[in-house]
Amino acid sequence: MGAGTTRRSSPAAEAWALMFELIHLSKRRFMAIASEFDLSPPQVMALRQLDPAEPKPMSELAIALRCDNSNVTGIVDRLEDRGLVERRPAERGAQVRAGLAARLDEPPEALANLSPEDQLALRDIMRRALGRA
């Protein structure tokens, strides 16, 4: 075995290690996209959860973000200071949210470069793994 290579006990363990590596690469990409929009990661996650057509109470946003209500207040306050959200939908926030969604919904290059057949196979495997077959 070469340097940095580890023995995997099963194909599932190797698949998990590979997914973990992809997640790590995606985290760097996520941070870069957040930086493009001059947002912190929690602000990105909050904007992704908010939909101007469906107002959400702060307590529900806290649950979706898996954090305390007091943390959500700070996140939303900073977004509101920038004119991205209001305690009701803000148009500028909807535009930034749409731009974020467009960038974050693009698959990472490692997946986009797979053949269409491999992309379909991976999608189907992930659906089965998550019980969404």
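The numbers here are math on the coordinates, done by the rules we state, and not lab data. All values derive from a computational prediction rather than experimental measurement. Note: ideal-geometry Cβ built from the backbone for every residue, glycine included; neighbour counts use all protein chains shown.
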For HIS24, placing the label point 7 angstrom along Cα-to-beta-carbon and taking segment 107-133, residues whose amide nitrogen sits under 18 Å are 108-111
Phi angles of segment 57-67, converted by Karplus (6.51 cos²θ - 1.76 cosθ + 1.60, θ = phi - 60°) into ³J(HN,Hα) in whole Hz with x for Gly and Pro, give x, 4, 5, 5, 5, 4, 5, 4, 8, 6, 9
Among the Cα-Cα pairs of the chain, the proportion with separation greater than 21 Å, in percent, is 55 percent
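Note the full-extension length gain between ASP51 and ARG103 as 0.36 nm times their separation in residues minus their Cα-Cα distance, in nm to one decimal. Working shown, then result.
Numbers: separation 52, 0.36 × 52 = 18.72 nm, distance 1.68 nm.
Length difference between fully extended and current span is 17.0 nm.
Report Rg(Cα)/(2.2 N^0.38 Å) for segment 43-117, keeping two decimals.
Details: Rg = 14.7 Å, N = 75, 2.2 N^0.38 = 11.3 Å.
Taking the Cα Rg and dividing by 2.2 N^0.38 Å, one obtains 1.29.
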Computed ³J(HN,Hα) along segment 31-41: with the Karplus parameters 6.51/-1.76/1.60, θ = phi - 60°, integer Hz and x for glycine or proline, the list is 4, 5, 5, 4, 5, 4, 9, 6, 10, 7, x
Measuring from its Cα centre, segment 11-106 shows a charge dipole (+1 at each Lys and Arg Cβ, -1 at each Asp and Glu Cβ) which, in debye to the nearest 20, is 80 debye
For the chain, whose charge dipole is built from +1 on Lys and Arg Cβ atoms and -1 on Asp and Glu Cβ atoms, the candidate among VAL85, ALA121, LEU100 with its Cα farthest towards the positive end is ALA121
Asserting the computed 222 nm helical MRE of the chain (DSSP H runs at least 4 long, -39500 (n - 2.57) per run, divided by residue count, to nearest 500) equals -21000 deg cm²/dmol
